[in-house]
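The values are calculated or read from the model by the stated rules, or taken from the named source; none is laboratory data. Note that the coordinates shown come from a computational prediction; the quantities given were computed from them, not determined experimentally. FYI the Cβ positions are ideal-geometry reconstructions off the backbone, even for glycines, and counts take in every protein chain you see.
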Amino acid sequence: MSVPAVTVLGVIGLELRELALPGLTEPLTVTVELDEVVAVVLSEPVATALADVVTGIAEPDGGEVRVDGAPVAVPRAGVPSRVALVPSDGGLLPHLTVRANILYGRCVGEGLRVEQLRGQLRSAATQLSLLDVLDAYPYELTAGRRLRVGLARALLRAPVAVVLEDRSDRPSWAAQLHRRDPLDGTAVLVLADRRDRVAGIADSVVEAG
C-alpha cells in the first residue's frame, strides 16, 4: 500500500528580515514557507550580492537571514548547508560526469550507505529527467539540463531552502520545472532579472528594483 506524500503547510523555511544591501532602495523582507516558491525580481549585481547573503557567504549591511528559525550559518567544510544555491549556469564541474557532479561532496559515512546514496541519486535523476545522461559530461548537455543537474546536486543534500538564480541570457527555471515535485518540502527562492520569466513557477513575486 502506497503512502501519500505529506505536504507541509505554513512552516517557514527561509526568512529575509529587513535586509539592507547596496543597490536596494529599501530594506527587503521576504518569507518563504516549505513547499513554496517565491521570486524576487532585481538587477543581476544585487541578485548576486543577495545570493551571497542568503547562503551565509557574506554579511548584509543590515537585517538578517533565518533558515528554519535560526540565523543562517557561514558555510563550513564537512558541514551540510541548510541553504543550497544553484547558479544560472548550473555551477557544474566540467571535468566530472553528471553522476559525479550530482554526488559531488557526498560520501559514504555521512550516515549513508552506498545503496542509499545510489537510491537518492536515481530518485533525483528520475524526477529531473537526467537518467539518460548520468555518464555524460557538462559540455555534452543542453544549458537547461545543466541547470537541472545543478538542482539535483543541491537537492541531494536535503537543504531547508534552495536559491535558484534565473538570468535572461539562460534557460528559465519555469521552462525546466514543468512539475514542482522535485522541490517538495523545500523553501525555494528564485532570484530573477525579469518578472515574466518566473510567472510559470512562483507562488508570489516581489519587485525589489
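For the reader, a short list of remarks on this structure follows.
- Filtered residue count, the stretch 190-209, keeping only those that are touching a residue at least 40 places away in the same chain (Cβ under 8 Å) and either of a type outside the set (D, E, K, R) or closer than 10 Å to Val38 by Cβ (or both): 12
- A count restricted to the stretch 183-207 and to residues that are crowded, with 22+ Cβ neighbours inside 10 Å and of a type outside the set (S, T, N, Q) stands at 10.
- So Gln120, is it under 30 Å from Leu16 (Cβ atoms), assigned to a helix (DSSP H, G or I) and over 16 Å from the mean Cα position of the chain (by Cα): yes
Conditions tested, residue by residue: (1) crowded, with 20+ Cβ neighbours inside 10 Å; (2) of a type in the set (D, E, K, R); (3) under 22 Å from Ser204 (Cα atoms); (4) modelled with pLDDT of 95 or more.
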residue	(1), (2), (3), (4)
Pro22	no, no, no, no
Thr25	no, no, yes, no
Thr31	no, no, yes, yes
Val41	yes, no, yes, yes
Leu50	yes, no, yes, yes
Val54	yes, no, yes, yes
Ala58	no, no, no, no
Val65	yes, no, yes, yes
Val74	no, no, no, no
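- Residue, farthest from Glu165 (Cα to Cα), within the stretch 17-62, restricted to residues that are assigned to a loop (DSSP other than H, G, I, E, B) and among the β-branched types (Val, Ile, Thr): Thr25
- Verdict on Arg145 being under 16 Å from the mean Cα position of the chain (by Cα), outside any helix (DSSP H, G or I) and more than 20 Å from Val83 (Cα to Cα): no
- Exclusive hit being at pLDDT 95 or above and outside any helix (DSSP H, G or I), set Leu112, Leu151, Leu164: Leu164
- Selected residue (criterion: modelled with the lowest pLDDT) from residues of the stretch 184-209 that are part of a loop (DSSP other than H, G, I, E, B) and within 20 Å of Thr25 (Cβ to Cβ): Gly209
- Checklist (1) at pLDDT below 90; (2) more than 24 Å from Val206 (Cα to Cα) applied to Asp181, failing item: (2)
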